[in-house]
Structures are given as C-alpha cells and as structure tokens.
Amino acid sequence: MSGTYLGMPAFPTAAASATRDGQLRANLTHATHTIRDKRARAVAELPDWALLREAGAAIKDRTLRHLDGYLERLEAAVTAAGGQVHWAEDAEAANRIVTDLVLATGEREVVKVKSMATQEIGLNAALERAGVRAYETDLAELIVQLGDDLPSHILVPAIHRNRTEIRDIFRERMAEWGRAAPEGLSDRPADLAEAARLHLRQKFLDAKVAVSGANFMVAETGTMVVVESEGNGRMCLTLPETLISVVGIEKVVPSWRDLEVFLQLLPRSSTAERMNPYTSMWTGTTDDDGPRAFHLVLLDNGRTDTLADTVGRQALRCIRCSACLNVCPVYERAGGHAYGSAYPGPIGAILTPQLRGVGSELDASLPYASSLCGACYEVCPVAIDIPEVLVHLRERVVEGGEVTRNGRRVRIRPARGHAAERAAMRAARWTLDHPGVLRAGQRLAGRMRGLQPRRLPGPGRAWTASRDLPPLPAEPFREWWRRTRGEQREAGR
Amino acid sequence: MRVALFVTCVNDTLFPRTGQAVVTLLERLGVTVDFPEEQSCCGQAQFNTGYRRETEPLVRRFARAFHGYDHIVTPSGSCAAMVRDNYPRIGARASAEGRDRGLASVAASVVPRTYELTEFLVDVLGVTDVGAYYPHAVTYHPTCHGLRMLGLGERPRRLLSAVRGLDLVDLPGAEECCGFGGTFAMKNEAVSAAMGADKARHIEGTGAAAVCTVDNSCQMHIGGTLSRLGSSVRPVHLAEILASTEDEQW
Ligand code: SF4
C-alpha cells in the first residue's frame with residue numbers, strides 16, 4: 001500500500017484482495033471485536049443513552065439547518081479572541097492557505113495532531129511539495145507515516161497492523177524521520193510506546209508550527225475542542241508558536257452547553273471510555289501562554305453540497321467516533337483501504353460519494369459496499385440512518401438525477417456500467433407486475449429443473465462461485481395453492 | 001378476521017414448502033387463510049439496488065392485492081420490513097414528485113396490517129406454543145432485517161423454545177450478518193462469501209442438525225454456503241419447524 005488514494009480500484013476488487021490477506025483479516029477481526037464489546041458495555045452503563053443519542057442528532061440537525069449563521073458567529077468570536085479565520089471552499093484552497101501560512105513563518109517543519117480533515121485534503125503531500133515536512137504525532141498516525149502507508153480506520157489509523165509489524169516499521173524507518181528506535185526494540189506494547197515517546201518528544205520541543213483539526217467548534221465563544229487519549233495532541237496545541245487548525249464546517253456546535261451531550265456520546269462510542277483522558281480547548285490566543293498566532297481554516301470541500309441533499313445531509317452529523325466501522329462485517333473483511341478514502345467503513349461509504357460525487361468507478365461502487373444489515377445505524381451515537389442513505393446514493397448511481405455541485409443544481413447522468421442491470425431490473429419488474437407471466441416462467445423452470453447446473457454462467461457466476469443453488473421445486477407455491485385450495489375457495493365465495 | 005398470506009417471490013419460486021407450512025400452521029390454529037393470486041413481489045431487490053421508481057407499480061399492486069384484509073402475514077422478515085419501513089418512503093416520494101399523487105396514502109394503508117409470521121403468532125394470535133414437535137438440535141440465526149428493522153426480539157426464540165423435542169442451541173456471533181444482502185451477494189461476492197463462510201463455521205460449531213431463520217433469502221445464502229462446504233447441517237425456515245407435528249414431520 002503506497003501513500004495515495006488516487007487511482008484506487010473499485011471497492012469489490014480492492015475488497016476481494018483484502019479478503020485473501022489472512023494476516024489483515026486476523027488483525028482487523030481481533031481489534032474490531034475487542035473494541036465493539038467494550039463499547040457495548042460502556043454504553044450500557046448509561047440508562048439515558050437513547051435520549052442522549054436523540055439529543056445529539058437534534059443538536060446537529062438544528063445546527064446544520066442554520067449553519068451559515070453559526071459559522072458567522074464563530075468567525076466573529078474567533079476574531080475577537082485574537083485568531084484569524086480563513087474560508088476554504090475545496091481541498092486545493094485549504095492546502096494553499098495552510099502552505100502559505102507555514103511558509104510565512106519561515107519554518108520548514110510542522111508537527112501535527114491527528115486530523116481527519118487534513119487527511120481528507122491530502123495536506124501532508126501538499127506541504128511536502130512546498131518543501132515543508134509534516135510530522136504526525138498521534139501514535140497510530142506515526143506508524144502509518146513511517147510505514148509509507150495509508151490510514152485504514154478513523155480512530156485507529158494503523159488498526160490493520162499488529163505489534164510485530166509495528167516493531168519492524170519502527171526499527172527500519174524511525175531513524176530517517178528523527179530519533180532512531182532503541183537498539184533491540186521488542187514488540188511489547190510498552191516498549192513500542194516508549195520508543196514513540198522518545199522519538200516524538202524531540203519533535204515537540206523543536207516545533208514552532210503545529211497543524212491540528214478539531215472535534216468541535218463552539219460558535220458562541222470561538223472555542224476549539226480536541227479530545228484524545230494520548231496527550232500528544234495537547235503538546236502540539238500548547239508548545240508551538242503558531243497553531244493552524246483545519247476543520248470541516250459541520251463541526252460547529254452553537255453553545256458551550258451542547259458539548260455536554262457530545263462529550264458523553266463520543267468517548268463511550270469511540271474508545272469505550274467514560275471520559276476521554278485529554279480534552280483540550282483553546283480560544284484564540286492568550287498572552288504568555290500557548291501559541292502566539294492562531295489560524296482557523298474552515299473547510300467546505302463538498303459539505304454545503306451535501307447539506308443540500310435532504311436525505312444525504314444526515315451524514316454531516318457524524319462525530320467520527322468510528323463505532324460504525326467496528327461493528328461493520330464488511331469493513332471487517334474488506335479492510336479500511338478498500339474504501340479508497342480517509343473515511344472508510346459505513347460512514348465512508350455514504351460520506352465519500354457525497355463529498356467527491358459518484359463520478360469515478362470507485363466512488364460509484366461505495367454505496368454498494370454494504371449488506372444493509374443495519375448494525376451501523378444501531379450503534380451510531382447521532383442516529384445516522386446509514387442504510388437509508390446508502391440506498392439513496394445507489395439510486396443516484398443507477399438513475400442519476402438532480403444534485404448540487406459547487407453550489408449549483410445540476411442533473412447528473414447514471415454512472416457507467418449499469419445499463420444491463422437497469423434493463424434486467426425493468427424486465428423483472430414487468431414480469432412481477434404480470435403474475436401470469438411469472439407463473440408461466442415458474443412452470444417452465446419447474447419442468448427444466450433436471451437441467452439445473454451447479455455453476456452458472458454470466459452474472460449468476462457471482463452466486464455459484466461460493467454457494468450452491470437451492471434445488472428448484474417441482475411445483476411453485478402458486479400451483480400448490482391452486483391445486484389444493486383454489487377450487488374450494490372459489491366455491492366458497 | 002380476514003387473513004391473507006403474502007408468500008414473497010423467493011418463497012413462491014424456490015421455497016414453496018415454507019408457504020405450505022405457513023398455511024398448514026395457521027389453519028391448524030383455526031385461522032382461515034387466503035392467498036390473493038394478484039400478489040407478486042414486494043420490490044425489495046429493486047429498491048435496495050437503487051431502482052426506487054421501479055418499485056412504485058409493485059407497491060400499488062401490493063396494496064390492491066391485499067385490499068380489504070385485516071392482516072397480511074408473510075414468512076419473511078425482510079419483506080415485512082420492506083413494506084413497513086420503505087413503502088411509506090416510496091409512496092411519499094412518488095406523491096411529492098408528482099408521479100403518483102395517491103401512492104402515499106395507498107402505501108401507508110398497508111403498513112399497520114402487515115405482519116411477519118412470528119409477530120402475527122405472538123402479538124395477534126397470542127400464542128407461543130403452537131403444538132409443534134420437532135425432535136432435533138436446532139440453532140437460530142436472527143436475520144438482520146428481522147432483528148434490527150422489525151425488532152422481532154425474542155419472539156422466534158420463544159416459539160422455538162415451546163416446540164416439543166426441540167433442543168435449541170446457542171449460535172455464537174448470532175447477530176452478525178450472514179453476508180446475503182440481496183444483490184450484495186453478487187456485487188461484492190468475495191466479502192459476501194467471507195461473511196457466509198464465517199457464519200457457516202459458527203453454525204457447524206454448534207453441532208446442531210438444523211439452522212433456523214425467518215427469511216428464505218438468508219436461508220438460501222447460508223444453505224448454499226453450507227452445502228458448498230459439504231456440511232450436513234440443514235437450513236430450515238421457522239414456519240416449517242412450527243408446522244411439524246408427531247403425525248406429520250415437515
Ligand atoms: S457515522 Fe455515526 S457511528 Fe459512524 S463514525 Fe460517524 S458518528 Fe460514529
């Protein structure tokens with residue numbers, strides 16, 4: 001896996017190769033099952049979980065409905081507190097803004113707190129092109145970066161690696177990026193953590209510029225909130241002189257009080273902790289404490305277009321807890337990379353095709369990366385009906401239709417490669433709407449059942465590759481009913 | 001009480017024994033069952049694949065076929081969920097988009113009358129012991145739509161527990177999807193097969209002679225996987241177990 005999502009194959013192809021990787025399957029199954037069981041216990045402790053979930057969804061929905069107003073209020077508050085706000089309509093604009101800000105400081109190195117938004121826009125690569133090196137400081141992000149790899153999970157970007165693989169990456173690659181791994185490093189978690197700590201400490205002490213994301217932004221006070229488990233983020237947020245935060249516009253909440261709901265929902269749902277160990281909050285700049293300069297880059301990158309879709313907009317409620325990934329049987333088998341985006345799993349399957357559109361083969365395949373089992377909806381702390389949105393986006397793929405792109409209503413054409421399926425679906429519908437035809441077909445099939453092959457050709461091959469067909473019955477139900485009940489019912493009328 | 005059987009296209013074409021079991025069972029419980037021949041398919045496969053508008057005539061047909069019945073009973077959790085959860089959405093969109101203004105109320109009219117079999121038995125008829133006899137070790141796989149969309153809860157297990165001779169064995173990882181998912185089974189064959197193989201391994205591990213579901217489509221996937229793996233565990237629909245008696249082994 002090399003460090004880019006561009007040119008990824010469609011989901012079924014990427015997922016098929018992942019299912020053949022036994023080590024990956026074992027790593028993922030172990031990790032996701034452990035965390036899902038812990039999460040279930042943590043959630044069960046709160047008798048009012050259902051109400052909290054409802055409140056979380058309601059706050060997000062209300063905020064999204066008046067997003068423009070809250071963002072303006074946020075901008076005013078951040079500015080009043082000594083920060084500067086920049087608006088970025090897409091990834092390119094955001095990358096340009098951040099790069100210019102870094103270059104203006106005269107620095108060529110930045111430390112980073114783990115941030116989904118900067119993964120989404122490919123900030124590290126953009127900085128590198130400008131001669132700036134970005135150091136990831138989250139332990140799992142560090143593993144991904146040293147391994148020249150891609151994140152495969154929202155919360156645990158290196159979930160696809162086990163500790164032996166991590167030890168090898170540290171041994172081989174740490175020296176190139178800074179302080180080398182200690183001699184004879186073992187694969188004990190404590191030793192690995194210590195190696196990362198020593199390596200990172202040097203970065204924290206040297207860094208003059210930091211880049212972060214934020215879990216929440218409070219409109220009324222202009223406060224940014226980052227929650228984390230390791231404390232590395234707090235080092236980034238407090239030690240450097242300049243702090244640049246890139247945050248999706250949907251992360252705003254109206255007031256300080258709203259945090260009460262999310263700071264309960266998020267940790268239990270994501271790490272199964274009652275409270276996350278580190279909650280860092282900052283508001284603009286403060287004399288003699290923390291960064292001297294604070295920049296907030298508000299990222300749109302398809303979010304207002306998503307907001308325009310009345311069914312799909314619920315994806316913007318997401319608080320990135322990753323619970324849906326951990327329960328998803330498809331994610332567990334396909335691995336995070338098959339989704340070809342910073343957002344894997346069920347949320348990725350609905351968010352990515354909305355942020356990027358369904359123009360590429362990969363993006364058009366994502367809404368089908370689900371058996372619609374509903375486990376994701378059941379655990380989602382903000383009640384995003386992921387199956388509903390998946391089906392909605394499937395319709396967009398096969399039928400095309402009206403969408404908002406760059407703020408304008410446009411009619412998109414169906415994605416390529418669905419013409420045969422569309423024809424088959426229409427033919428099937430016609431048959432099903434004519435039960436007489438259906439009956440004739442069933443009778444014919446019943447008479448030919450001796451000819452039933454074990455492996456089907458054509459599209460049916462995808463079924464018989466791994467499963468046997470049920471034997472065709474001699475008599476469909478309809479015929480049995482006519483033969484045994486039909487006449488007496490007719491007579492009884 | 002006028003009760004109509006919605007047999008579903010999968011039952012009708014591939015698993016007629018299930019439909020026959022439902023009729024036999026309900027008649028044994030004193031219910032007069034009708035089978036409106038005008039019925040066809042709930043449209044689930046089309047809808048879930050993204051062909052919402054293709055399902056609109058099927059929604060109308062469903063409502064017409066089952067007009068006037070107090071209860072519509074179906075031995076399929078996913079088809080019942082399709083009617084209850086998605087018909088209102090389909091109807092509302094068709095009305096809002098001006099294709100079929102009346103479809104919203106037509107679709108809504110069938111929702112409160114549509115029951116999955118175990119709901120009908122437990123909630124409407126108020127029975128959990130249907131007098132069945134099935135002397136085998138059985139494990140139960142709760143299908144996703146029955147479990148999460150309909151919220152069938154303990155109903156199927158309560159019915160199974162009351163069957164004489166039946167030894168109900170716990171299934172590890174029971175609530176995990178078997179990997180069927182309609183067209184998902186074809187579009188993402190590799191992942192679907194991997195999920196199916198894990199489900200089959202868990203089923204085999206129980207030592208049960210049969211694996212029971214409330215949905216023939218999941219049963220087709222589980223059964224096809226077990227068969228390909230050379231397993232002797234038999235997939236069976238709950239209705240067929242409930243229809244079995246000492247006199248007539250289903
Ligand atoms: S969609 Fe829901 S469950 Fe998934 S990451 Fe977002 S908030 Fe968590």
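The values are calculated or read from the model by the stated rules, or taken from the named source; none is laboratory data. Values in this document were obtained by computation on a predicted structure and should not be read as measured data. Cβ placement follows ideal geometry from the backbone for every residue including glycine, while neighbour counts extend to all protein chains displayed. Accessible surface areas use protein heavy atoms only, side chains included; no ligands, DNA or RNA. Shrake-Rupley method; radii C 1.70, N 1.55, O 1.52, S 1.80 Å.
Points worth noting:
- For the range A:89-222, the dipole from Cβ point charges (+1 on Lys and Arg, -1 on Asp and Glu) about the Cα centre works out to 420 debye, to the nearest 20.
- Per-residue average of Cβ from other chains inside 10 Å of B:176-184: 6
- Projecting the Cα atoms of B:LEU226, A:ALA125, A:MET174 onto the charge dipole of the protein assembly as shown (Cβ charges, centred on the Cα centre) puts B:LEU226 farthest toward the positive pole.
- Both chains summed, the buried accessible area for B and A stands near 5800 Å², from protein heavy atoms and a 1.4 Å probe.
- Cα-based helix-to-principal-axis angle, B:189-206 vs chain B, degrees rounded to 10: 40
- Test item: Cα-centred dipole of the range A:324-463, Lys/Arg +1 and Asp/Glu -1 on Cβ, debye: 840
- Scalar couplings 3J(HN,Hα) for the range A:54-65, obtained by applying the Karplus form with A = 6.51, B = -1.76, C = 1.60 to θ = phi - 60°, are 4, 5, x, 5, 5, 4, 5, 4, 5, 4, 5, 5 Hz; x denotes Gly and Pro.
- The range A:399-433 and the range A:114-193 have their alpha-carbon centroids 42 Å apart.
- Evaluating 6.51 cos²θ - 1.76 cosθ + 1.60 at θ = phi - 60° for every residue in the range A:248-257, the Karplus couplings come out as x, 5, 7, 7, 6, 10, x, 9, 3, 5 Hz, glycine and proline recorded as x.
- Rounded, prolate or oblate (a/c below 1.5 giving rounded, otherwise prolate when a/b exceeds b/c) for the range A:294-403 by Cα gyration tensor: rounded
- Shielded by partner chains, the range B:11-27 residues - at least 20 Å² of accessible area, 1.4 Å probe, vs chain alone: B:ASP12, B:THR13, B:LEU14, B:PRO16, B:GLN20, B:VAL23, B:GLU27
- Accessible-area value, B:SER78, 1.4 Å probe, nucleic acids and ligands omitted, Å²: 10
- On the basis of the beta-carbon distance and an R0 of 60 Å, A:ARG426 and A:GLU273 show a calculated FRET efficiency of 0.70.
- Chain B: angle of helix B:216-228 to the longest principal axis, Cα-based, in degrees nearest 10: 40
- With every protein chain in place, the protein assembly as shown: carbon and sulfur % of accessible area (1.4 Å): 51
- Excluding same-chain neighbours fewer than eight residues apart, the lysines reachable from A:LYS60 by a Cα-Cα span under 28 Å are A:LYS38, A:LYS112, A:LYS114, A:LYS251.
- Each peptide in A:185-192, A:303-310, A:459-466 was scored by the mean count of other Cβ atoms within 10 Å over its residues; highest first, the order is A:303-310, A:459-466, A:185-192.
- Chain B: angle of helix B:87-96 to the longest principal axis, Cα-based, in degrees nearest 10: 20
- Virtual spin-label span in nm between A:ARG96 and A:ALA81, 7 Å along Cα→Cβ: 2.9
- Probe 1.4 Å, all protein chains present, accessible-area order of B:LYS187, A:LYS38, A:LYS60, largest first: A:LYS38, B:LYS187, A:LYS60
- Rounded to the nearest 10 Å², the accessible area of A:LYS114 at probe 1.4 Å: 50
- Label-to-label distance, A:ARG413 versus A:ARG188, with points set 7 angstrom from Cα along the beta-carbon direction: 6.3 nm.
- For the range A:321-376, accessible area per residue (1.4 Å probe, heavy atoms of protein chains only), Å²: 14
- Rounded FRET efficiency, nearest 0.05, which uses the C-beta distance separating A:HIS434 from B:ASP123 and R0 of 41 Å: 0.75
- With a Förster radius of 35 Å applied to the beta-carbon distance between A:ARG163 and A:THR105, the computed FRET efficiency rounds to 0.40.
- Backbone HN-Hα couplings from phi across the range A:233-238 [Karplus 6.51/-1.76/1.60, Hz, Gly and Pro as x]: x, 4, 4, 5, 7, 10
- Most positive-pole-ward Cα, B:THR55, A:VAL225, A:MET281, against dipole of the protein assembly as shown from beta carbon charges: B:THR55
- When each of the peptides A:379-385, A:44-50, A:126-132, A:258-264 is scored by how many other beta carbons lie within 10 Å of its residues on average, the order from highest to lowest is A:379-385, A:258-264, A:126-132, A:44-50.
- Shielding of peptide A:9-17 by partners, expressed as the average count of other chain Cβ atoms within 10 Å per residue Cβ, is 3.
- Relative to the current alpha-carbon distance between B:GLU38 and B:LEU168, full extension at 0.36 nm per residue lengthens the span by 43.0 nm.
- Lys, Arg +1 and Asp, Glu -1 on Cβ, resulting dipole of the range A:125-190 about Cα centre, debye, nearest 20: 120
- 10 Å Cβ neighbours from other chains, averaged over peptide A:372-381: 5
- Positive dipole terminus of the range A:389-442, leading residue within A:ALA428, A:LEU438, A:VAL410 (C-beta point charges): A:VAL410
- Where only DSSP H runs of four or more residues are counted, the protein assembly as shown gives -14000 deg cm²/dmol as its mean residue ellipticity at 222 nm, each run worth -39500 (n - 2.57).
- Nitroxide proxy distance, nm - points 7 Å out along Cα→Cβ at A:TYR5 and A:ARG483: 5.6
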